[in-house]
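Peer 1: Quick one: this structure, given as structure tokens, is what I'll be asking you about.
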Amino acid sequence: MDQSEAPLLDAVADYHRQDRYGFSPPGHRQGRGADDRVLAVLGRDPFRADVLASGGLDDRRSRGGLLSHAEELMADAVGAEYAFFSTCGSSLSVKAAMMAVSAGGDGLLVTRDSHKSIVAGLVFGGLQPRWITPQWDADRHLSHPPSPQQVEEAWQHHPDADAALIVSPSPYGTCADLAGIADVCHRRGKPLIVDEAWGAHLPFHRELPTWAMDAGADVCVVNVHKMGMGFEQGSVFHVQGDLVDRQRLSACADLLMTTSPNVLVYSAIDGWRRQMVEHGEPLVGGALELATSVRGAVADLVDVDVMDDELLGEQASHDLDRMQVLLDVSATGTSGYQAVDWLREHRRVDVGMSDHRRILATLSTADDTATTGRLLEALQAWRRAADDFDSPPEIHLPDPEELQLETVMLPRDAFFGPTEMVPAAEACGRICAEQITPYPPGIPAAIPGERLNQTVIDYLRSGLAAGMNLPDPADPSLERLRVVA
């Protein structure tokens, strides 16, 4: 295909060239009705590009085929058979993929370190999770993606499950052996879904970890806004093989997706695909070189460990995206929460993730020596200041086995059934009816249908006191928990 084309972007330009005007949504009429105070902040251009997708950019029956042509170009660019765009993020895309592969079997094999959007898919779809326990580094309190052997063992326990769902890369940049896992699944004639939200850039450089389609996955979901140049909420499904019904996948996405997709989001995906086909190799190559220099500079900070080879190995992760610069700050005697808050307050620098002992700086093809120089200066200033920080509150860090809660009820039944709020002191032994998720990275510590134990309750409550962000429980203070009545 002619990868120099960008049909959605070209259609936006043509819309303005023809001086079209719609007496239809959106009501701001290309910004004519927007408040001047809004335009002073956002500018007029976003409103000019925010036009109706069908009956505006394309005709009322989408006979121009603009979106379908852009999706075909995306699939061609990355070697997938089909691609579908979503303007509701990978959170929607992964739910649709889960529902599409559900065929009334014995649930889904799912890694327990999955993002909260996957748990939401279990709730919406009424699906039974068959958990694959991640590989666990107890010393660093860090989970790794499962190995092919662990997935094989999960299939042996649940041979009638409909599919397997793996998260790779993880929010820390660690990657699973997807080729090995795909082989395990396909020997049983079962599809593999990969939540590759952090891996949109992977097809475009040979030194990056193997991306899911090349590894043999059947469905891969990526976020273009995380490691690409798209707007927030831009997501793509990639599909190949005959183990997933594409019409069913499209129908499941249609059930969940908005009927008013944002043309800006679609067009940015379209334009980023063209950019990466034409310039992806040098852009990503430059970003990788930049990441190497950043890693080397940060390694000179006293008591700061740039995590790299220790994340890889037979009992750890298979590969690592080194554009994710993960720093262990625990030897400084302070926490990742303190570090990220200080960087934001004193240097106006935000990083992507923090936990009790780490912070993560995500680099992209947009960065250069000026932006990374600002990051390094901020980290150097933080390190000097950290010597005077108060000691962080202690977090109860349990053994991995104690964090693995027992699933005793379908997540849907626990979430939608009768519930009650109980004091945290009385919640041990009760069935959780809500997600409780340290965010980022967004991996739930407790989900609907799991029986709470005192260890997890203590971990979450002590973590909250130490600076952990828990955005989803009904009682943000965790004084009370929502449980099945």
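Peer 1: Among the residues of segment 213-264, count how many are closer than 24 Å to Ala163 by Cβ and among the aromatic types (Phe, Trp, Tyr).
Peer 2: 1
Peer 1: Might you let me know whether segment 284-301 holds any residue that is closer than 23 Å to Leu73 by Cα, modelled with pLDDT of 95 or more and surrounded by 19 or more Cβ atoms within 10 Å (Cβ to Cβ)?
Peer 2: yes
Peer 1: Out of Glu406, Glu479, Glu420, Glu426, I need the residue that is under 30 Å from Thr334 (Cα atoms) and loosely packed, with under 15 Cβ neighbours inside 10 Å. Which one?
Peer 2: Glu479
Peer 1: From the list Val340, Val325, pick out the single residue that is buried (at least 20 other Cβ atoms within 10 Å of the Cβ) and in a helix (DSSP H, G or I).
Peer 2: Val340
Peer 1: Going through segment 416-448 one residue at a time, which ones are in contact (Cβ under 8 Å) with a residue 24 or more places away in the chain, over 21 Å from Phe124 (Cα atoms) and assigned to a helix (DSSP H, G or I)?
Peer 2: Within segment 416-448, just Ala424 meets the criteria.
Peer 1: On to the next question. From the list Arg273, Arg246, which one is surrounded by fewer than 20 Cβ atoms within 10 Å (Cβ to Cβ) and not hydrophobic (A, V, I, L, M, F, W, C)?
Peer 2: Arg246
Peer 1: Kindly provide the set of residues from segment 287-303 that are within 24 Å of the chain's Cα centre (by Cα) and of a type in the set (Gly, Ala, Ser), ordered by number.
Peer 2: Ala287, Ala291, listed by residue number.
Peer 1: Can you tell me how many residues within segment 458-474 are out of contact with any strand residue (DSSP E or B) (no Cβ under 6 Å at 6 or more places or on another chain), farther than 23 Å from Thr334 by Cα and surrounded by 19 or more Cβ atoms within 10 Å (Cβ to Cβ)?
Peer 2: 0
Peer 1: For segment 96-118, which positions are hydrophobic (A, V, I, L, M, F, W, C) and surrounded by 24 or more Cβ atoms within 10 Å (Cβ to Cβ)?
Peer 2: If the condition is that a residue be hydrophobic (A, V, I, L, M, F, W, C) and surrounded by 24 or more Cβ atoms within 10 Å (Cβ to Cβ), then Ala96, Ala97, Met98, Ala100, Val101, Leu108, Leu109, Val110, Ile118 are the ones that fit.
For (1) buried (at least 21 other Cβ atoms within 10 Å of the Cβ); (2) farther than 30 Å from Ser168 by Cα; (3) of a type in the set (Lys, Arg), each residue gets a yes or a no:
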site	(1), (2), (3)
Val41	no, yes, no
Pro46	no, yes, no
Leu52	no, yes, no
Leu57	yes, yes, no
Arg61	no, yes, yes
Ala77	no, no, no
Phe84	yes, no, no
Ser91	yes, no, no
Val94	yes, no, no
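Peer 1: Now for a different question. How many residues does segment 3-20 hold that are loosely packed, with under 11 Cβ neighbours inside 10 Å and free of Cβ contacts under 8 Å to residues at least 12 places away in the same chain?
Peer 2: Counting residues in segment 3-20 that are loosely packed, with under 11 Cβ neighbours inside 10 Å and free of Cβ contacts under 8 Å to residues at least 12 places away in the same chain gives 3.
The values are calculated or read from the model by the stated rules, or taken from the named source; none is laboratory data. What you see is a predicted model, and the numbers here were worked out from it, not measured in a lab. Cβ: placed from backbone, ideal geometry, glycine included. Neighbour counts: every protein chain shown.
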